[in-house]
Amino acid sequence: MTFQELNELYHLPLFDLIQRSRKVHEDNWPAAEVQLCTLLSIKTGGCSEDCSYCAQSARYNTDVVPERLMEKCQIMERAEAARKSGSTRFCMGAAWRGVREGTQRFEQVLDIVRDVSKLGMEVCVTLGELGPSEAEKLKEAGVTAYNHNIDTSPEHYPNIVTTHTFQDRLNTIRNVQDAGMSVCCGGILGLGESTEDRLKMLEVISEFNPQPESIPINSLMPMPGTPMAEEQGVDVFDVVRIIAITRIAAPKAKVRLSAGRTNLSEEAQTLCFFAGANSIFYGDKLLTAKNPAIEKDLALIDRLGMTPQKPNRQLEAPGADGSRPAEPQLA
Ligand code: SAM
Ligand code: DTB
Ligand code: SF4
């Protein structure tokens with residue numbers, strides 16, 4: 001969708017916008033389903049990058065204690081527990097700039113993915129930058145989706161990160177798509193961006209070809225010690241609006257209400273589901289930050305008469321028609 005179309009949606013009265021997004025949701029998804037995804041930080045902290053929102057960057061003095069890559073047996077325990085608790089997607093995150101073929105750590109990750117993928121859940125990883133061969137190897141090992149967020153607009157990106165570029169992010173996404181993995185790509189609200197930046201981010205994401213299989217919408221969780229520590233929270237109705245617009249712009253993508261749910265009331269989360277969100281991170285921890293308790297989430301889902309979504313390991317990217325999509329490029 002173009003910026004202009006997104007901007008028109010943004011300026012609709014909230015009820016009109018939600019009415020539209022609800023219709024798109026109902027035409028494309030079972031109305032009351034929510035996907036439960038478990039996150040695990042398999043390599044925490046000590047990252048070389050300077051993403052100014054991130055507690056895991058080695059450049060800032062945060063509460064995060066850097067750790068080595070977790071042992072496979074521990075990861076398997078966590079993955080099995082996630083499956084038992086009803087999760088259908090297991091997402092492993094590493095605080096790395098990226099991974100390179102031939103390195104020991106990449107081989108270790110491939111080995112972990114091979115075993116986790118035997119559990120039958122969707123397997124998502126987020127390891128930073130990938131080249132074409134790394135993407136192919138991950139796909140072969142059993143990764144179903146790769147998470148790589150663009151986080152904000154191309155224009156605002158250099159104010160947030162200086163150690164890699166927005167185009168670097170797009171290149172990785174291209175490599176993931178070419179290797180046949182689904183793309184999970186979204187962003188963060190609350191990085192000091194304007195509404196225009198938020199809509200420009202959605203313009204880029206919705207114009208990927210194929211569109212992402214899932215779009216995480218994070219709200220900044222201000223991390224002590226980072227340059228974003230004092231940022232103001234995002235207005236709840238802005239979160240709802242962005243979710244509704246994302247649903248309209250990418251009808252077949254899962255829209256994931258991601259970081260920041262601990263700051264949203266149950267009523268606000270309900271409005272987000274009504275506006276088009278159909279996936280959450282589930283489990284009391286995100287990567288380093290807090291998330292609502294499992295029992296609370298299950299109780300809310302039950303009270304709303306919603307049901308957890310079944311896993312879909314095929315994960316055809318929305319609109320994939322077999323043709324080679326256009327290169328994502330900065331305008
Ligand atoms: N290093 C990899 C990368 O940058 O893609 C993977 C991990 S990184 C922590 C994954 C995503 O988490 C970021 O792109 C960002 O959207 C989100 N994130 C990180 N810190 C956050 C925070 N404090 N608040 C909200 N979202 C955050
Ligand atoms: C995404 O978009 N959000 C998740 C996942 N992808 C990897 C991460 C949220 C991280 C929140 C801050 C933290 O836990 O440190
Ligand atoms: Fe590193 Fe990813 Fe955090 Fe950036 S967002 S500092 S790349 S872990």
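Of everything listed in (1) among the polar types (S, T, N, Q); (2) within 14 Å of ligand 1 (Cβ to nearest atom); (3) surrounded by 24 or more Cβ atoms within 10 Å (Cβ to Cβ); (4) more than 22 Å from Ala79 (Cβ to Cβ), the single unmet condition for Asn278 is (2).
Taking the numbered list (1) of a type in the set (A, V, I, L, M, F, W, C); (2) modelled with pLDDT of 95 or more; (3) within 30 Å of Ile245 (Cα to Cα) in turn, Ala32 passes all entries but (2). The residues in the range 254-266 that are in contact with a strand residue (DSSP E or B) (Cβ under 7 Å, 6 or more places away or on another chain), part of a loop (DSSP other than H, G, I, E, B) and open to solvent by 50 Å² or more (accessible area, probe 1.4 Å) can be counted, and the count is 0. The set of residues from the range 13-52 being of a type in the set (Lys, Arg), away from ligand 3 (no atom under 16 Å from the Cβ) and either open to solvent by less than 50 Å² (accessible area, probe 1.4 Å) or in contact with a strand residue (DSSP E or B) (Cβ under 6 Å, 6 or more places away or on another chain) (or both) comprises just one member, Arg22.
Inspect all residues belonging to the range 230-253 and state whether any of them is away from ligand 2 (no atom under 12 Å from the Cβ), open to solvent by less than 10 Å² (accessible area, probe 1.4 Å) and part of a loop (DSSP other than H, G, I, E, B). Within the range 230-253 (the criterion being away from ligand 2 (no atom under 12 Å from the Cβ), open to solvent by less than 10 Å² (accessible area, probe 1.4 Å) and part of a loop (DSSP other than H, G, I, E, B)), the answer is yes, since at least one residue qualifies. Regarding Tyr10, is this residue crowded, with 16+ Cβ neighbours inside 10 Å, among the hydroxyl-bearing types (Ser, Thr, Tyr) and under 18 Å from the mean Cα position of the chain (by Cα)? It is false that Tyr10 is crowded, with 16+ Cβ neighbours inside 10 Å, among the hydroxyl-bearing types (Ser, Thr, Tyr) and under 18 Å from the mean Cα position of the chain (by Cα).
From the list Gln269, Gln211, the lone residue that is at pLDDT 95 or above, crowded, with 16+ Cβ neighbours inside 10 Å and more than 15 Å from the chain's Cα centre (by Cα) is Gln269.
The values are calculated or read from the model by the stated rules, or taken from the named source; none is laboratory data. Note that this is a predicted model, so its numbers are computed, not measured. As a convention, Cβ positions derive from the backbone with ideal geometry for all residues, glycine included, and neighbour counts pool all protein chains shown. Protein only, heavy atoms only, side chains kept; ligands, DNA and RNA dropped before computing areas. Shrake-Rupley method; radii C 1.70, N 1.55, O 1.52, S 1.80 Å.
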